[in-house]
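Engineer: Have a look at the structure that comes next, please.
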Amino acid sequence: MRRQTGLSLSGFLLWAVVLVFAALLGFKIAPAYFEYLTIQKQFKAIASEPSMSSAQRPAIERAFSNRSTIDNIKSVTPQDLEIVKEGNQVVIRAAYSVRIPLFANISACIDFNPSSEK
């Protein structure tokens, strides 16, 4: 006789709980990563504009402020920008942390460093 193989009900429930927990964790953390990717995309777009290579800080801050209003960026303000000139290229950087409450008194703290040079 062949022995039956397969997934038992208790095994199914265990894996279901693990997968649901992972999905909920992903749903809470994903918006922070999407905002980071949006910020980095805007930094690259601003730095690659030909008019920004000779622009002063207020013009770059204004360009970021306009783009952040459209893309609903809340984690970085124009005052948080680190703007340096390397050669003929403007490099825009920022560093910020996001604290995401997970459950009870447990939170995830994620540090981001978007840059136009990456």
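Engineer: Just to be sure I understand, how many residues within segment 66-81 are part of a helix (DSSP H, G or I) and open to solvent by 50 Å² or more (accessible area, probe 1.4 Å)?
Structural biologist: Adding up the residues that qualify gives 7.
Engineer: A follow-up question, please. Report every pair of residues separated by at least 6 positions or lying on different chains whose Cβ atoms are under 9 Å apart, first residue within segment 2-19 and open to solvent by 80 Å² or more (accessible area, probe 1.4 Å), second at pLDDT 90 or above and part of a helix (DSSP H, G or I).
Structural biologist: 7/15
Engineer: Determine which single condition residue 51 fails, assuming it passes every other condition in (1) at pLDDT below 95; (2) small (Gly, Ala, Ser); (3) open to solvent by less than 20 Å² (accessible area, probe 1.4 Å).
Structural biologist: Result: residue 51 fails condition (3) only.
Engineer: Give just the number: which of (1) open to solvent by less than 30 Å² (accessible area, probe 1.4 Å); (2) aromatic (Phe, Trp, Tyr); (3) under 17 Å from residue 97 (Cα atoms) does residue 43 not satisfy?
Structural biologist: It fails just one condition, (3).
Engineer: Further, regarding this structure: Given the options 90, 98, name the one that is in a strand (DSSP E or B), on the phi < 0 side of the Ramachandran plot and at pLDDT 95 or above.
Structural biologist: Values: 90 fails: at pLDDT 95 or above.
On inspection, the qualifying residue turns out to be 98.
Engineer: When residues of segment 82-98 are filtered for being surrounded by fewer than 10 Cβ atoms within 10 Å (Cβ to Cβ) and out of contact with any helix residue (DSSP H, G or I) (no Cβ under 7 Å at 6 or more places or on another chain), how many remain?
Structural biologist: Residues flagged as surrounded by fewer than 10 Cβ atoms within 10 Å (Cβ to Cβ) and out of contact with any helix residue (DSSP H, G or I) (no Cβ under 7 Å at 6 or more places or on another chain) within segment 82-98 amount to 2.
Engineer: Consider residue 42 carefully, then state whether it is polar (S, T, N, Q), out of contact with any strand residue (DSSP E or B) (no Cβ under 7 Å at 6 or more places or on another chain) and modelled with pLDDT under 95.
Structural biologist: It is false that residue 42 is polar (S, T, N, Q), out of contact with any strand residue (DSSP E or B) (no Cβ under 7 Å at 6 or more places or on another chain) and modelled with pLDDT under 95.
Engineer: Same structure again: Is it fair to say residue 53 is in contact with a helix residue (DSSP H, G or I) (Cβ under 8 Å, 6 or more places away or on another chain), outside any strand (DSSP E or B) and of a type outside the set (A, V, I, L, M, F, W, C)?
Structural biologist: No.
Engineer: Only one of 22, 63 is in a helix (DSSP H, G or I), closer than 17 Å to residue 92 by Cβ and either without any contact (Cβ under 8 Å) to a residue 12 or more places away in the chain or touching a helix residue (DSSP H, G or I) at 6+ places or on another chain (Cβ under 7 Å) (or both). Can you tell me which?
Structural biologist: Answer to the selection: 63.
Engineer: Right, something else. Is there a residue in segment 106-115 that is farther than 18 Å from residue 41 by Cα, touching a residue at least 40 places away in the same chain (Cβ under 8 Å) and open to solvent by less than 90 Å² (accessible area, probe 1.4 Å)? Give the derivation first.
Structural biologist: Looking only at segment 106-115, we keep the residues that are farther than 18 Å from residue 41 by Cα, and these are 106-110.
From what's left, touching a residue at least 40 places away in the same chain (Cβ under 8 Å): 108, 110.
Narrowing further to those that are open to solvent by less than 90 Å² (accessible area, probe 1.4 Å): 108, 110.
Within segment 106-115, one or more residues are farther than 18 Å from residue 41 by Cα, touching a residue at least 40 places away in the same chain (Cβ under 8 Å) and open to solvent by less than 90 Å² (accessible area, probe 1.4 Å).
Engineer: While we're on this one: Go through 103, 34 for me and flag whichever is of a type outside the set (A, V, I, L, M) and at pLDDT below 95. Outline the logic, then answer.
Structural biologist: On the way: 34 fails: at pLDDT below 95.
When all the criteria are applied, what remains is 103.
The values are calculated or read from the model by the stated rules, or taken from the named source; none is laboratory data. Worth saying up front: this structure is predicted, and the values here are computed from it rather than measured. Ideal geometry is used to build each Cβ from the backbone, glycine not excepted, and the neighbour counts take in all protein chains shown. The area values use the complete protein model at the heavy-atom level, side chains included, leaving out ligands, DNA and RNA. Shrake-Rupley method; radii C 1.70, N 1.55, O 1.52, S 1.80 Å.
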